[in-house]
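Please treat every number below as a calculation from the coordinates, not as lab data. Owing to the predicted nature of the structure, the values given are computational and were not obtained by experimental measurement. Neighbour counts are summed over all protein chains in view; Cβ atoms, including those assigned to glycine, are modelled from backbone coordinates with ideal geometry.
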Ligand SMILES: [Fe+2]
């Protein structure tokens with residue numbers, strides 16, 4: 001993309017692009033977004049220009065385009081100079097409220113048969129060149145990844161998680177090892193009971209981004225895990241049940257977690273959407289839903305909408321089912337996929353933990 005022409009007007013700088021589009025950037029915005037080394041730290045990209053403490057004279061003395069450097073320069077009458085790259089200007093060509101990113105490159109799946117190029121890797125592969133990038137790409141595309149042939153130890157699992165980013169701390173601790181024989185389990189996750197499809201952390205303001213699970217020892221029957229693509233359900237509801245979809249985008253459902261000396265509560269719609277209407281987070285845990293009451297007709301509509309989602313999530317045909325076994329490390333996107341578990345008899349020891357969403361996104365941007 002290159003610039004065909006520029007034109008200085010009172011309002012700002014008109015830029016005419018090679019694709020025949022044009023944008024008018026206000027003078028103050030151009031000065032505030034200057035990318036020169038004095039105005040924007042070259043390494044950290046932190047803004048250094050002081051746009052606000054003293055009045056600025058936005059009279060221009062000269063504006064020119066440097067094709068070789070792919071930048072636009074503005075010389076102001078106060079002798080200061082601003083520099084903006086084509087890429088920044090082009091990325092800001094259309095005014096828009098800042099938005100949280102949608103789940104980019106996601107290939108939604110309504111049934112396991114729609115999962116293309118099954119997201120699995122060997123332990124050696126993930127440790128090799130480009131391994132983490134491929135691992136992240138699987139999660140970004142399908143919502144989960146399974147690593148086969150990992151050493152069935154907590155140290156190896158924790159080390160694997162730390163290759164992506166530090167392990168997040170939570171009410172359950174950081175990286176943890178647990179089994180289903182705890183005397184006083186404080187969550188059904190630590191029992192042998194079945195667990196309906198859900199996302200973790202509906203009771204915290206910032207739900208865990210990724211969850212990793214590894215079964216270190218298994219001498220049990222049952223306990224299969226199920227994964228469901230919540231983003232696929234969102235898109236199905238958007239098209240087939242638009243009113244229900246809108247209700248689930250707008251009711252801030254409370255979630256809670258209670259144990260002695262702890263009472264966590266947070267509110268979030270089941271589908272969190274950005275200003276473009278893209279779903280950026282799915283949050284659903286019927287077990288942890290806290291009491292709330294709307295006007296009677298609105299409550300009835302909410303229940304109808306919630307039931308549609310609940311029943312789609314519990315539809316076995318939408319569930320990818322597998323057994324967590326020693327050597328298989330599962331990581332999934334807790335902002336997109338729901339997970340569930342069948343009841344089991346016998347003994348299981350698991351380990352795992354969470355990563356923050358922003359650390360997952362950071363690695364995707366920087367690797
Ligand atoms: Fe869970």
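Considering only alpha-carbon pairs that sit under 8 angstrom and 6 or more positions apart, the relative contact order computed for the range 3-91 is 19 percent. The stretch between residue 21 and residue 8 holds 3.0 nm of extra length on full extension. This uses 0.36 nm per residue minus the Cα-Cα distance. Between residue 342 and residue 127, the contour length at 0.36 nm per residue exceeds the Cα-Cα span by 74.3 nm. For the pair residue 80 and residue 316, label points projected 7 Å from Cα toward Cβ lie 6.8 nm apart.
Cα gyration tensor of the range 101-202, axes a ≥ b ≥ c as square roots of the eigenvalues: rounded (a/c below 1.5), prolate (a/b > b/c) or oblate?
oblate
Largest GNM mean-square fluctuation across 311, 110, 296, computed for the chain with C-alpha springs under 10 Å, falls on 296. Could you pull out which residues in the range 105-140 have an amide N less than 20 Å from a spot 7 Å beyond the Cα of residue 224, following the Cα-Cβ vector? It comes to 109-116, 118-120, nothing else. The protection proxy used here, the mean number of other Cβ atoms lying within 10 Å of each residue, ranks peptides 263-276, 203-216, 9-22 as follows, highest first: 203-216, 263-276, 9-22.
Quick one: grab the alpha carbon gyration tensor of the range 3-91, order the square roots of its eigenvalues as a ≥ b ≥ c, and give me rounded if a/c is under 1.5, else prolate or oblate depending on whether a/b is larger than b/c.
Oblate, since a/c reaches 1.5 and b/c is not below a/b.
Expressed as an acute angle from 0 to 90° and rounded to the nearest 10, what is the orientation of the C-alpha long axis of helix 154-164 relative to the principal long axis of the chain? Between the helix axis and the principal axis of the chain, the angle is about 20 degrees. Legend: calculated FRET efficiency, residue 259 to residue 28, from the Cβ-Cβ distance at R0 = 45 Å, rounded to 0.05, equals 0.30.
The residue 97 and residue 188 beta-carbon pair, evaluated with R₀ = 35 Å, returns a calculated FRET efficiency of approximately 0.30. With an a/c value of 1.5 or above and a/b larger than b/c for the gyration tensor axes a ≥ b ≥ c computed over the alpha-carbon atoms, the chain is described as prolate.
In the chain, the longest principal axis of the Cα atoms and the axis of helix 296-313 are about 70 degrees apart. Summary of the geometry: the range 117-135 and the range 239-312, compared by the centres of their Cα atoms, lie 35 Å apart. Per-residue ellipticity at 222 nm, computed for the chain from helices alone with -39500 (n - 2.57) per DSSP H run of at least four residues, works out to -7000 deg cm²/dmol. Between 351, 249, 24, the GNM of the chain built on Cα springs shorter than 10 angstrom shows 24 fluctuating the most. Extension gain for residue 172 to residue 116 (0.36 nm times residue separation, less C-alpha to C-alpha distance): 16.7 nm. Take every Cα pair under 8 Å whose residues are at least 6 apart in sequence, average their separation, divide by the length of the chain, and the relative contact order is 22 percent.
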